[in-house]
Structure formats: C-alpha cells, structure tokens
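Since the structure comes first, as structure tokens, the remarks are kept for the end.
The values are calculated or read from the model by the stated rules, or taken from the named source; none is laboratory data. All values derive from a computational prediction rather than experimental measurement. Here the Cβ positions follow ideal geometry from the backbone for every residue, glycine too, while neighbour counts run over all protein chains shown.
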Amino acid sequence: MERRTKIVATVGPACEDEETLRGMVIAGMDFARLSLAHANLDETLERLRKIRAAAEREGVVVGVLADLPGPKVRAAPFPGDGVHLDEGTVIDLVAAGPADASDEQRIAVDDASVLVELRADDRVALGDGAIELLVREVDGDRARVEVVSPGWAQGRPGVVLPAARQTTASPTSEDLRLLRALCAAEVDAVAISFVRSAADVDRARQMVGREGPMLIAKIETQEAVDVLDDIIATADGVMVARGDLGIRCTLEDVPHYQKRIIRTGVAYGRPVITATQMLESMVRAPAPTRAEVSDVANAVFDGTSALMLSGETAVGHDPVGAVATMARIARRAEEEFDYLGWGRALGRQQAVEAQGAPAQVRITAAVSAAAWRAANDADVAAIIACTNSGDTARAISRFRPTVPVLGATPSLRTFRQLALAWGVTPVLTDRHGTTDDIVWFAVQGAARRGVVKAGDLVAVLVGAPTDPDPATDTLRLVRVS
C-alpha cells in the first residue's frame, strides 16, 4: 500500500534550488510550506514558481501552503549558523533597525512596542521555547534580560511574550495585505497564525471568499483550544502548531491537545497538519533521534492527515533526506494503524454530530459512511470521490479506508488542494453534465491509471452536477468491465 499520510515540507534557503526541490518531490513532499515570517512576498512568490515548476517536471501534484506571519514578534536574524546563548549571560533587547542583526550580546526585535510592554521578572521565550530569558530591567528603548535556559539561536526566531502582554489580533493588517497578493498568485492554502476564535478565520474568509485558497487555522493558544469546535467548523483545515502551543499552554497538556485537535478536525472532514520539532535533530544530524521517530509514528497513530517539516528542510543540511526519512516512518506506522477501529468510532460520532447540521452535510455524511461500509463489506478495490470542491473526497478520507481513494475533480485548484487529504490521490478530469457521465469517466480513468482492473468492484461517490445546493447523495457500486 502506498503511503497515505501526507508530508508538508517547508521550503527555505537550504532547498530552493531546482535540484533539491525535485529531490524533495521525488522523496515524498505532497505539500510545500512557505513561511512569510522568514521571507518577504517577492521571495515567497519566486519560491512558489519554483515549486510548481519542480512538480510539473516530475509529473506529480504538489500543493503550496503559505504561512502568514501573524502578530508574532521576531528577532532580527542571527549570523550564519546561529549563536549559542549561554546560561547566565545578560543580553540587551532593543528595537531592530532596517538592516539590524542579532548576536550573543544584543537581540534586535522587529516590534519596538514590546519593549514598552515588558516588565521586570517577565519571562520571554525564543523560538519554540527552548531558550528562556528573564527580564531584569527595562530602561526606555532597551530591556536587560538574563539567559535562564540556554540554547542555540539561529535565523529569525520568534520572541514570545507572556500571554498577558499579547494584545494584537489575528489576522493583522499586514496578514490581510499578504493574503490579497497570495490569492492573486493562486496559492492553494493559507495558514492563519495565532487564531483565537472563529471570527479570526471569518475575517480572512471575507477577503478570499469560498473560491479562494483553503484557510488553515493554526492552533497555538489556549484560547483556540477552548473554542476548538467553533474554529474547526469555520476553517478548511487546522494545524497542531506545537511550538507556540507548548509555550502558551501547560507543556504536559500538549500531547493531549494534539490528540483532541486531530480527532476533532478529522471528524469534521478537515485536514489536520501536525507540526513542529518532528525531526528537529535532522537540521544538523544525518538521522533523527529515537524519540523523534516515535513522535512521528504516534502522530500517525493519532490519525493526523499530514506531518510537517520546518527547519529540517528550510535550513537543514539534508532536506531531501529529511523528507525521505519522514516518509519511511509514516509508511511503517501505517502498517500498524487500526483502520477498522477508527472507522467504527468515527461512524458512531458522526451519527451524533450530524443532528442539527444542514441537510447537505447530513446527506454527505450518511453516503460517505455507507461507502466506507461498502468498502469493507463488498470487498471493493477502490473508492472514487467525484468532487468539485474537494469536500466529498475529504468526507470519505476521514474514515481512513484501507483501499485506494481517488479524488476526481475538474477543478485545478481542488486537484492541488486534495494533495493534503489523507489517503487521497488527486485526479484531474473533464467536466461532465450528468451523473452517469461523471461515474463512467471516473471509473474509466481509474482503470487507465492501473488503480483498478477488469472484474474489480469500485465504489463511486457523486452528487448531481446541476444541484444549486450540492450534496454527495449517490453511492454506486460499479463492476469494471
């Protein structure tokens, strides 16, 4: 069986050349992430072009996720491979100038207002919280801090203030400016940083509309966890952003939040990306730690739709090796996944959650559940989800069927977006005017791709192409002739 859990890899300075990008595509990159916290818009759009070109040359689909910077404060860049901040060292925090840099004696921050907000005895974290600074005194435009948890600082790490000092809403005005440009460039998905409520997602939705990129809500605050269902119901997908989540929430809660976010997101039919420090040691080392391997495998056991690489590919010494390693770990973990138990549990949950939902949602839930049961009871060889928006494919994907799932769509945008859906192989099709034609050509395409052969039984999910309020209302079991 092919790997079903998708891989999101961050593209940065270490992997933006043509050869490395093609190597990452071949190794298993399904979606590329572009972080606008570490690159400007022009650099991001150029990387988007290179990714699309690499995928086209390899003849595969690779989606692109642009990650908005959000209200997060960042340090000016540290030199080269970074510096080690030693315990007990006293450092100045200052406002960054246009071409400022940071080092082991002075950290420049890109938002001068944080220096006004800081108070003595505040604790400030760098990056994903491995480095902790204690504020000793604040003197106008400078704060003196002591390193209490040492570590290696490189790139432009986030400067994380105490929760009481974080007041800026998300998405910011700069996020919305970037979002407008990303929509024009037809990026496939956009991640919104520091979402705290469904209203944050709604503000972005007002700009992109329903035909724009998928909106991925990053869950990285306690406020977001507290209203998780509302956010997931509004967004098109979620990210378990464990770095900031581990700083802003009690650390020992993070594994439990991860399981809850994954379980809830999948139940709603939303792709869930598990992110941060998954193979962190591979930024410098040729192989991950045993703990990291276990972490990736356990995310697969949790049911995550996708696994994400950050610094491992963006600035790591072997981006292709990091992708290949994650693909091997995920494939091995999938051999032990309890597919039947997952589907049964989801089916019971769906029966409860569908009550009170819009009619088209209840219909799609019922028909996709029937398709999952048919895949088990009737020994079908594949499931074909015929879809315009991608919702039909994601609806069946959440049951984690053991047979191949094809997402057949006439929409190029949906074709790319389905690269993030667990277990779904996107297939670009022509647009047809009747249900019979949609089913016929979908099965024909599956046979042509070698997914099914003569005599196989195929389950096809489809809705009426002319329905103004679409729902997946038809399940057909078709014998391939």
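Tell me yes or no: at least one residue of the range 116-126 is within 30 Å of ALA189 (Cβ to Cβ), assigned to a loop (DSSP other than H, G, I, E, B) and under 27 Å from the mean Cα position of the chain (by Cα). Among the residues of the range 116-126, not one is within 30 Å of ALA189 (Cβ to Cβ), assigned to a loop (DSSP other than H, G, I, E, B) and under 27 Å from the mean Cα position of the chain (by Cα), which makes the answer no. The number of residues in the range 14-40 that are within 17 Å of ASP188 (Cβ to Cβ) and either in a helix (DSSP H, G or I) or not assigned by TED's automatic domain parsing to the domain that holds SER310 (or both) comes to 3.
Looking for whichever is at pLDDT 90 or above and closer than 11 Å to ALA75 by Cβ here; the options are ARG136, ARG106. Which one fits?
ARG106
Residues that are of a type in the set (Lys, Arg) and under 22 Å from ALA169 (Cβ atoms) do not occur anywhere in the range 269-286.
Any idea which of ALA199, ALA112, ALA99, ALA169 is in contact with a strand residue (DSSP E or B) (Cβ under 9 Å, 6 or more places away or on another chain) and either touching a residue at least 24 places away in the same chain (Cβ under 8 Å) or not β-branched (Val, Ile, Thr) (or both)?
Going through ALA199, ALA112, ALA99, ALA169 in turn, the sole match is ALA112.
One residue stands out in the range 411-450 among those that are among the hydroxyl-bearing types (Ser, Thr, Tyr) and not in a loop (DSSP other than H, G, I, E, B): the one that is nearest to SER397 (Cα to Cα), namely THR425.
Of the listed requirements (1) within 15 Å of the chain's Cα centre (by Cα); (2) surrounded by fewer than 23 Cβ atoms within 10 Å (Cβ to Cβ); (3) modelled with pLDDT of 95 or more, GLN277 misses just one: (3). Residues of the range 128-144 that are part of a loop (DSSP other than H, G, I, E, B) and of a type in the set (Asp, Glu): ASP128, ASP141.
From the set of residues in the range 360-386 that are among the polar types (S, T, N, Q) and over 22 Å from GLY455 (Cα atoms), which is modelled with the highest pLDDT? Can you show your working first?
Of the range 360-386, the ones among the polar types (S, T, N, Q) are 360, 364, 368, 376.
Remaining after also requiring over 22 Å from GLY455 (Cα atoms): 360, 364, 368.
Values: GLN360: 77, THR364: 85, SER368: 91.
Ranking the candidates gives SER368 first.
Residues considered: PHE415, PHE399, PHE441. Of these, the only one that is aromatic (Phe, Trp, Tyr), outside the structural domain of GLY303 (by TED's automatic domain parsing) and more than 28 Å from the chain's Cα centre (by Cα) is PHE441. For the range 36-58, the tally of residues that are under 17 Å from LEU420 (Cα atoms) and not basic (Lys, Arg) stands at 3.
Pull up the range 263-283, narrow it to residues that are part of a helix (DSSP H, G or I) and in contact (Cβ under 8 Å) with a residue 60 or more places away in the chain, then point me to the one that is nearest to ALA191 (Cα to Cα). In this case the residue turns out to be VAL266. Within the range 388-399, being out of contact with any Gly (no Cβ under 6 Å at 6 or more places or on another chain) and assigned to a loop (DSSP other than H, G, I, E, B) holds for ASN388, SER389, GLY390.
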